[in-house]
Amino acid sequence: MDYSADAITTFYLRHLPDGRLEKNTLVSDCPFCRDRGHDPGGQLVVFLNQDGPFHGYFRCLSRCVPGGFALWFARLAAIEPSEVPGFDPDRESPFQGVEFPIVNINTEIQQYHDRLTDNLIHEYAAAGVGVEVLNELQIGYNGRYVVYPYVQSDGNCYAARCVYPDRPQDYFWHGDERFAAEAFQIFNIQDLLCCENGTLFFCEGEHNLLPFKQFGFPGIAVPHCTVLENINPEIFSCLRNLFIIMVNSGESETAARTLAARVGYKVRLLRWPAGLPRGYSVWQLAKDSGSDFRERIRTMIQSARTFSPFPAPQAEHDRFFRRLDAEQGSAYSDLRSGFPLLDAAIDGIHGINVVGGAPKVGKSMFMIQIATEMALRGLPVLYYDFENGRQKIYQRTLIRLGRMEAGRLRQETREGADRDHYQEACRRIRQMMATFRVVNDRKLTPELMRRHIDFLRHETARDYTVVVIDSLHKLPFKDLAERRTGIDAWLRQLEAIRDEMQVSFLVISELARGGDGGYREEPHLGVFKGSGDIEYSADNAMVLYPDAEHRIADSAGRRSNTLWLVASREHSPGPVASYVLDYPFWGFTEERLP
């Protein structure tokens, strides 16, 4: 495709022969004003700066037609599209196939627009937005709510968002509910249709688009950043540049980056200067800037860079060596289970560690012991429990630390050694709870897990976090019929969290029954239940097997299990150690294998 300045300039000069070039701008009498019922003599300007993002953008200063780029000019002027530089005859409309109903709410939208009050017009004027923009976008008022019409690609409006002034969280949708779905929540979508092979602004919040429109920039908006997840990125395939400017918040920036990664390199994210308050917006910038708004936006455009999902090479270099330095420090080496033989076998608790075991073999007890011992050493631990309940976890920990049976734990009075042991165990529980958190939320999501990790890091001022999941098969899924795909999706999320946030995972997994209906198969990756991704996701995959069938006690009256390292990215598989039940104190002691 030929986007050169000569081709675009030649196209406009050919079809605007009476125009005059003023530096990088072509000025001509507007050829469309008379046909649209406007007074003749309106001025059309075309921006021809080949180094700028709006090369080839035209607009009528009387606003008789929406501004746009060369292909839109050709449609308005009934010029054969093949004459336009960059025309692609094989490009299909991203809105092809959408079926629109016969009934629309165009008449209601006009009635609402006619009811705009002087007070509202004055409010818009405070941000530099004039009546001509309100007319162009048909913004209205229903007596209580501002009405933003969501005109669709066919030029008709089927649904409108009604927003209470000064209280944006108070809103509702009016019209056909099918067109209130997030896939259709693009305000002023007509501008997208006018900007093929050109540049478009993308805002969060309808009111934030209006200052751009006042200064003649093309743009669209969504009501909130959550809508971005459901936008089809293919609708932007016809653009050359997409400038995205969101409300100043972490949530909005994350949503914008996610959309940008789906759209591609044509996206440029406009970033807010440091020091602005959370929630700062284009609307507020327009009110604060007055006549300097255009210049401030131009500065943000000039500082914007083409979006890339990849870190800059220097940043990646610095990150690698920071991580390497951190792994040589004590904080990294402190990530130990407390079982010396296990720590020697896998070099501490790093990455994703999956531990499988038969029912009632003691998987939860094993994990509780590791997790609470790590917390007692000051390591932040998040324990996602879907099996036991927080009271049982704390009680079993108190029993193990105090070495007293459950019945004695409930005695009202204690004397001598019992009292001393109990008080010392209570002291250690208080110490542990400074860095140990139990979460029973059955509506857990990966994003919520990230926030929990952030909170715990902030509260403990530690760089590393250990997350225990009891168990993988009890994590929330949207559909129980899709458990296997749900487990694999969770494993992929755990990988991302591990890499992004320096998190170590201890994950309990169920085992599949063997051919004889038991759980005594030779350990291998296939014994894990319901997930083929464990072999790819786990840094260490382990299995806790009872040493005798049905956990029969040995000659000394002890019950024990062998921990097998089934697969590892960095360590040799094989049996690790024997773990003998410390009955009745809800714990294990580690012993070397014979």
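Counting residues in the range 5-83 as N, plug N into 2.2 N^0.38 Å and put the Cα Rg over that result.
1.01
At R0 = 51 Å, how high is the FRET efficiency between T589 and D318 if r is their beta carbon distance? Nearest 0.05 is fine.
My answer for the efficiency is 0.70.
Which ordering of Y583, Y422 is given by a fewest-first count of other beta-carbon atoms within 10 Å?
The most exposed by this proxy come first: Y583, Y422.
Give me the base-10 log of I(q)/I(0) for the range 176-264 at each q in 0.11, 0.15 Å⁻¹, Debye formula, one uniform scatterer per Cα, rounded to two decimals.
The Cα Debye sum returns log10 ratios of -0.27, -0.52.
Report the equivalent ellipsoid semi-axes for the range 106-303 in whole Å, largest first, defined as the square roots of five times the eigenvalues of the gyration tensor built from alpha carbon atoms.
Working through the eigenvalues yields semi-axes of 24, 21, 16 Å.
Would you mind pulling out the separation of the Cα centroids of the range 316-344 and the range 1-70, in Å?
62 Å
Beyond 24 Å between alpha-carbons counts as too far, so tell me which of K360/K443; K213/K287; K474/K529 fall in that bin.
Over 24 Å apart, Cα to Cα: K360/K443.
Expressed as a rounded percentage, what relative contact order does the range 5-83 have, with Cα pairs under 8 Å and six or more residues apart?
Relative contact order here is 23 percent.
What number, rounded to the nearest 500 deg cm²/dmol, is the helix-based mean residue ellipticity at 222 nm of the chain, given -39500 (n - 2.57) per DSSP H run of at least four residues and division by all its residues?
Per the formula, -10000 deg cm²/dmol.
Evaluated at 20 °C with a viscosity of 1.002 mPa s, what Stokes-Einstein diffusion coefficient in µm²/s does the range 67-138 have when Rh comes from the Kirkwood expression over alpha-carbon pairs?
Result for D is 133 µm²/s.
Rank-order 124-130, 38-44 by packing density, defined as the average count of other C-beta atoms within 10 Å over each peptide's residues, highest first.
For the peptides 124-130, 38-44, the packing ranking is 124-130, 38-44.
Calculate the radius of gyration of the Cα atoms of the chain to one decimal place, then report Dmax, the largest Cα-Cα distance, as a whole number, both in Å.
Gyration radius and largest Cα-Cα distance of the chain: 32.3, 106 Å.
Would you mind ranking V282, V98, V84 by Cβ crowding within 10 Å, fewest neighbours first?
Lowest count first: V98, V84, V282.
Could you sort 429-437, 252-260 so that the peptide with the highest average Cβ count within 10 Å comes first and the rest follow in order?
252-260, 429-437
Average the reciprocal distances over every distinct pair of alpha-carbons in the range 330-591, invert the result, and give the Kirkwood radius in Å.
One over the average 1/r among Cα pairs gives 19.0 Å for the range 330-591.
Compute, for the range 5-83, the length of the dipole vector about the Cα centre, with Cβ point charges of +1 (Lys, Arg) and -1 (Asp, Glu) only. Units Debye, rounded to 20.
220 debye
Relative contact order, percent, of the range 106-303 when contacts are C-alpha pairs under 8 Å separated by at least 6 residues?
Taking the mean separation of contacting Cα pairs over the length of the range 106-303, I get 16 percent.
What percent does the relative contact order of the chain come to when contacts are Cα pairs within less than 8 Å and at least six residues apart?
Averaging sequence separation for qualifying contacts and normalising by length gives 9 percent for the chain.
Where does each of 561-568, 414-421, 48-55, 242-249 land if you order them by average Cβ count within 10 Å, highest first?
242-249, 561-568, 48-55, 414-421
Using +1 at the C-beta of Lys and Arg and -1 at the C-beta of Asp and Glu, which of M449, I429, V355 has the Cα lying farthest in the positive direction of the dipole of the range 330-591?
Looking along the dipole axis, the top candidate is I429.
Taken together, the values in this text are just the output of simple stated rules run on the coordinates, not laboratory data. A quick note: this is a predicted structure, and the numbers were derived from the prediction, not measured. Note: ideal-geometry Cβ built from the backbone for every residue, glycine included; neighbour counts use all protein chains shown.
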